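Quick note: the coordinates plus some simple rules give every number you see, no bench work behind them. Quick caveat: nothing in here was measured; it's all calculated off a predicted structure. No Cβ is skipped: glycine too gets one built from the backbone with ideal geometry, and neighbour counts run over all protein chains shown.
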2 protein chains.
Amino acid sequence: MLPEVLISEVGPRDGLQSVKATMPTAAKLRWIAALHGSGLREIEVASFVPARLLPQMADAAEVVQYALTLPGWTVMALVPNRKGAEAALRAGAHKLTLPVSASEAHSLANVRKTPLDMVEEVRAILALRDELAPTAKIEAGVSTAFGCTLQGVVPEDDVVRLAAALAAAGVDDVGLSDTTGMANPAQVRRLFQRVRAEIGDKTGAAHMHNTRGLGLANCLAAYDVGVRTFDSSLGGLGGCPYAPGASGNVVTEDLVFMFEAMGVRTGVDLQKLMAARAPLAEGLPGEPLYGMTPDAGLPKGFAQEVAHA
Amino acid sequence: MLPEVLISEVGPRDGLQSVKATMPTAAKLRWIAALHGSGLREIEVASFVPARLLPQMADAAEVVQYALTLPGWTVMALVPNRKGAEAALRAGAHKLTLPVSASEAHSLANVRKTPLDMVEEVRAILALRDELAPTAKIEAGVSTAFGCTLQGVVPEDDVVRLAAALAAAGVDDVGLSDTTGMANPAQVRRLFQRVRAEIGDKTGAAHMHNTRGLGLANCLAAYDVGVRTFDSSLGGLGGCPYAPGASGNVVTEDLVFMFEAMGVRTGVDLQKLMAARAPLAEGLPGEPLYGMTPDAGLPKGFAQEVAHA
C-alpha cells in the first residue's frame, strides 16, 4: 500500500543548522542512513550557504552526495539564493527549497530583499535549473506565512499573492511555513484553501512549528483541507525555540504517530524511526531531544501496518 | 459576547491528586481565586475520596465551600462512589463528575466493579442527588474511552453502549476521557459523533491527554464535531505522565491560546490565566509545570477580545 501522506524530514538541515554544535560528517551520514531505513521518502539534508555563516553546513555537498546513494527517496537542499542553488544543483540534489518571506520586514532583515525581489531571484534559479539540472525540482517555501515576530500580523492577501507570483514564475510547488509558531488551525485551513484556489496542485508542504504547542493541531488542520506533505524534524530539533522545552519544529515521531494512529499511512516504521534518535544523540551529545511518543512509548495494542513502497 | 467554548479547569482536582506533595489548603484557595479571576467558568476543585487514600484531597469540603463563594462559575467535584457523592452534595458542589470506565479490565482493577455495576452506582447517586440536592448536576465521565493500558483496544461499541446506558440512567451529561493518551483525531471525531447520535445533547466534555503530544489535535477534532466543553489543567499538572516532560493533561494555557487564536471565544483572559501559574508554583514548590505558550509568550500582534459574561 502506498503512503497517503509524505513526511519530509528536515532535521539534518533545519535541525543541525539551528544548534551550536557541528555534527561530524560521518555522524550525519549514519543518522541519515537510519532515517532512510525507517521508510522516510523525502529529506532535507543540507543548506547551501557560506561556511563562514553556517559552519554546521560546510559539508553540504558531501552529505547530499551520500544521501543520493540511498534509493527511493527525494534528497532536498535549502538554498537562500542563486549561488547556493548552483552549488546544490551541481551536487545533484533532487529538489531545492528556497525560503521566500511573506513579511516584508522579515525578508528585508533576513536577505535584504523584498518578497518581490525574491520572486526575481526564484526566476533566475529556475533558469539555472533548466540549464544545469533540468530534472531537479524547485520548491518555494513561503516563510512567516502565518505571522511574523517583526511585523506581527501578515495579511493573508500578501501570502496568497506571493504564492501566486511564485507559481507563475514556474516553481514546482509552494509550501507555507509557520516560521514563528504563530499559526492556528482556523488560519491554516483558510490560508491553504485560499492558496489552493489560486495555484491548485502546486500547493505544497505544511511546515508547522510547535512553539506554542499547536504543531500537530495545525498539521491536522492542513490535512483536513487536502495538504499531503508535512515537514517535521526528528526529536523536534531546530526551528526557533524561544525557551528550553519549547521546541520549534514539529516532532517527526509524534507526527507519524498521529497519522498512523488515524489510519493514514505514512510509509514510516515508527519503531525504526524512534531508533533513529540514537545516531542523532550520538552525533550531538548533550543536545536535548523532544517528542512525547518516544517518551511514552507506543500504546498497548497499537499495530502499525507499514507500507512497503 | 458570550464564550463559545467552556474550558473546564481540572488542575485543583486531577492535578493535585496526581502529585506526591500536598498543597496546603490556603495555597489551594489562592490558586483557585486566581483561576476564577482569569475568567474560567467551570472548575473541578476536589475529589471526595478517603483521606487515607488521597491525603491531598483531605480538605475537599473546605475547598468546595470556598470555591462556592466565588460568583459565576460551576464548582465541580469528582466522586468515585455513593459515599463520595453524599459528601460532595452535602458540601454543596454544583456538579459531580463520576468516572465510569469503558474498559472492563480497567474498571475491575480500579473500583472492583464492571462498567454495568457502575451504571447501578450512578442510579443510586442520582437518587441521592434528588433527595439531598435536586439542583446539583451529575456528569458521568467515560474513562479509557479511547484505549486502555490494560486491555489495549476498547471497542467503540462498548463506549457507545455505556454512554447510552448512563444517559438512560438519567445523568445530565456524559463526557469521554482519553485516560491513557491513546486517542487520535479520527477516532475522536468518530466516537463523539456516534455518542451524539445516541444521546444527543447529553454529550459532554472532551477530556484529552497530551501523553503522546496529540492533546490539542484531539481537542480540535472534538471541536470540529460539535464538542464545546474541554477539560484541561493549568501547567498540564496531573493526568498520567509516563516520563518527565510527557505531561498528561492538556495544558489549559495552550488550549485557551489555540481557541482564542482561532477566534473561538473562551471567556478566559490569557494573561491572567498565565499569571495563575504563580500561586500554583508557590503552593507546589519544585513541581514541574508544562505549557508552550507560557514559555514562548503571546505572539506579537496577538489581540484577545475577552468576553465579559
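Can you pick out the pairs among B:Lys28/B:Lys137; A:Lys113/B:Lys272; A:Lys95/A:Lys272 whose Cα atoms lie more than 31 Å from each other? Write out the running numbers ahead of the final one.
On the way: B:Lys28/B:Lys137 24 Å; A:Lys113/B:Lys272 40 Å; A:Lys95/A:Lys272 25 Å.
Cα-Cα > 31 Å for A:Lys113/B:Lys272; rest within.
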Give me A:Asp295, A:Asp117 sorted ascending by neighbouring Cβ count inside 10 Å, so fewest comes first. A:Asp117, A:Asp295
Only Cα pairs under 8 Å and at least 6 apart count here; give the relative contact order of the range B:6-296 as a rounded whole percent. 19 percent
Once amide hydrogens are built 1.01 Å from N within the peptide plane, the residues lying 5 or more places from A:Phe302 or on another chain with amide H under 5 Å from its amide H are none
Counting only Cβ atoms, what residue of chain A lies nearest to the axis that sends chain A onto chain B, and how many whole Å off? A:Ala217, 2
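Counting pairs of Cα atoms in the range B:145-191, how many percent are more than 13 Å apart? Mind dumping the intermediate values first?
Details: 619 of 1081 pairs.
Summing the P(r) tail past 13 Å for the range B:145-191 gives 57 percent.
Restricting the count to DSSP beta bridges whose residues both fall in chain B, what percent are antiparallel, rounded to a multiple of 5?
Counting only bridges with both partners in chain B, antiparallel ones make up about 5 percent.
Please label the shape of chain A as rounded, prolate or oblate, based on the square roots a ≥ b ≥ c of the eigenvalues of the alpha-carbon gyration tensor (a/c under 1.5 means rounded; beyond that, a/b larger than b/c means prolate, else oblate).
On the way: a/c = 1.41, a/b = 1.18, b/c = 1.20.
It comes out rounded by the Cα gyration axes.
Could you tell me whether the range A:81-232 comes out rounded, prolate or oblate from its Cα gyration tensor? Rule is a ≥ b ≥ c as square roots of the eigenvalues, rounded for a/c under 1.5, then prolate if a/b exceeds b/c, otherwise oblate.
Values: a/c = 1.78, a/b = 1.46, b/c = 1.22.
The shape class here is prolate.
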Among B:Met23, A:Met208, B:Met262, what is the fewest-to-most ranking by other Cβ atoms within 10 Å? B:Met262, B:Met23, A:Met208
Just to confirm my numbers, what's the Cα centroid distance between the range A:141-173 and the range A:174-235 in Å? 12 Å
Copies compared at B:Leu68 - label distances in nm, ascending, label defined 7 Å from Cα in the Cβ direction: 7.6
Inter-label distance, nm, simple model (7 Å from Cα along the C-beta direction), A:Gln271/A:Arg52: 5.0 nm
If neighbour count is taken as other Cβ atoms inside 10 Å, put B:Ser18, A:Ser232, A:Ser143 in order from fewest to most. B:Ser18, A:Ser143, A:Ser232
Candidate aspartates and glutamates for bridging to A:Lys202, where Cα separation is under 14 Å - those fewer than 8 sequence places away on the same chain excluded: A:Glu139, A:Asp172, A:Asp173
In nm, one decimal, shortest first: how far is the label point of B:Gly301 (7 Å from Cα along Cα to beta carbon) from the matching points in the other copies? 4.6
Inter-probe distance in nm under a simple model that places probes 7 Å from Cα toward Cβ, at B:Lys20 and B:Arg228: 4.4 nm
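Given axes a ≥ b ≥ c from the Cα gyration tensor, I'd like to know whether the range B:22-95 is rounded (a/c under 1.5), prolate (a/b larger than b/c) or oblate. Working shown, then result.
Working: a/c = 2.30, a/b = 1.36, b/c = 1.69.
Cα axes put the range B:22-95 in the oblate bin.
With helices defined as uninterrupted DSSP H runs, which ones in chain A have an alpha carbon span along their own long axis of at least 24 Å and mean Kyte-Doolittle hydropathy of at least -0.5?
Working: long enough: A:115-132 (25 Å, 0.31).
What comes out of the filter, once short or polar helices are dropped, is A:115-132.
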FRET efficiency for A:Arg82 and B:Ala303, Cβ-Cβ distance as r, R0 = 41 Å, nearest 0.05? 0.55
